[in-house]
1. Taking +1 at the Cβ of each Lys and Arg and -1 at the Cβ of each Asp and Glu, which of ILE166, TYR153, SER85 sits farthest along the dipole of the range 78-174 towards its positive end, judged by Cα position relative to the Cα centre?
2. As I understand it, the dipole of the range 1-65 uses +1 on the Cβ of Lys and Arg and -1 on the Cβ of Asp and Glu, about the Cα centre. Which of GLN16, SER2, VAL39 lies farthest toward its positive end?
3. Order the peptides 1-14, 26-39, 130-143 from the highest to the lowest mean number of other Cβ atoms within 10 Å of their residues.
4. For n ≥ 4 DSSP H runs only, could you compute -39500 (n - 2.57) per run for the chain, divide by its residues and tell me the 222 nm figure to the nearest 500?
5. Which value results for Rg/Rh of the range 1-136 when Rg is the Cα radius of gyration and Rh the Kirkwood radius based on the inverse mean 1/r?
6. Using a simple charge model, +1 on the beta-carbon of Lys and Arg, -1 on the beta-carbon of Asp and Glu, nothing else, what dipole does the chain show about its Cα centre, in debye to the nearest 20?
7. Which value, in debye to the nearest 20, describes the size of the charge dipole of the range 49-126 about its Cα centre when Lys and Arg Cβ atoms bear +1, Asp and Glu Cβ atoms bear -1, and nothing else is charged?
8. Working out 0.36 nm times the residue gap between SER93 and THR43, then minus their Cα-Cα distance, what length gain in nm do you get to one decimal?
Amino acid sequence: ESIAKALADIKAGGYQYIIAPVTAEGANVIASRVQDTPVFIPTLHRSSVSIANSNIIFGGIDYDQQIARLRRKANDRVGTCEDGSNLSYQLNSLIKKNTSVFFEKRVESSKANFRAMFKGNSSLDNASLYLNTPLVTSSLIASQLRANDIRPYALLSTQINYNPLILTLTQYEDRDEMIIANSIQ
């Protein structure tokens, strides 16, 4: 209802373009109501919705492509860490679509007991671990792996961790085998 009202206000205001940072549900509402005005949706990639309107342009990240690129850097032993968010669920689904995952861990808070989580978990040695978690949580995971003498084959992340703060929040040894995809270049 709020999107429908905003679209009516936009039409009444005579605007020629719409920028709409919405979810997939919101994009579907817009697609069903806007046929002649150009709409830019920066929050979604075209592959995340089934909308055929040619007036809608998407600017979101192609996580499927990023996961495919990261998959080339992984070995056969794949694990994932996620935080329970919709995005981490989506990323895990993309990973599992073409990869067998032997380890999955949900870390819902950066205040979790990481030491207990990884202590004695030698199964992660030489494993490719996808960090589908926010920056601080990913940094804590990377440091706790090293602190517990776990040597992953690779730490992999999509653009969710593409942030210069990763250099401040981790030590060099924590990110030695870390690969972060991005769509900037």
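The values are calculated or read from the model by the stated rules, or taken from the named source; none is laboratory data. Note that this is a predicted model, so its numbers are computed, not measured. Cβ coordinates were reconstructed from backbone atoms using ideal geometry, including for glycine residues, and neighbour counts include every protein chain displayed. Keep in mind that these areas ignore ligands, DNA and RNA; they rest on the heavy atoms of the full protein, side chains included. Shrake-Rupley method; radii C 1.70, N 1.55, O 1.52, S 1.80 Å.
1. Value computed over the given set: SER85.
2. About the Cα centre, the residue reaching furthest to the positive side is GLN16.
3. Going from most to least packed, we get 130-143, 26-39, 1-14.
4. Counting only the DSSP helices, I get -10500 deg cm²/dmol.
5. Checking Rg against Rh, the ratio lands at 1.12.
6. The calculated dipole for the chain is roughly 220 debye.
7. The calculated dipole for the range 49-126 is roughly 260 debye.
8. Once the chain is fully extended between SER93 and THR43, it gains 16.1 nm.
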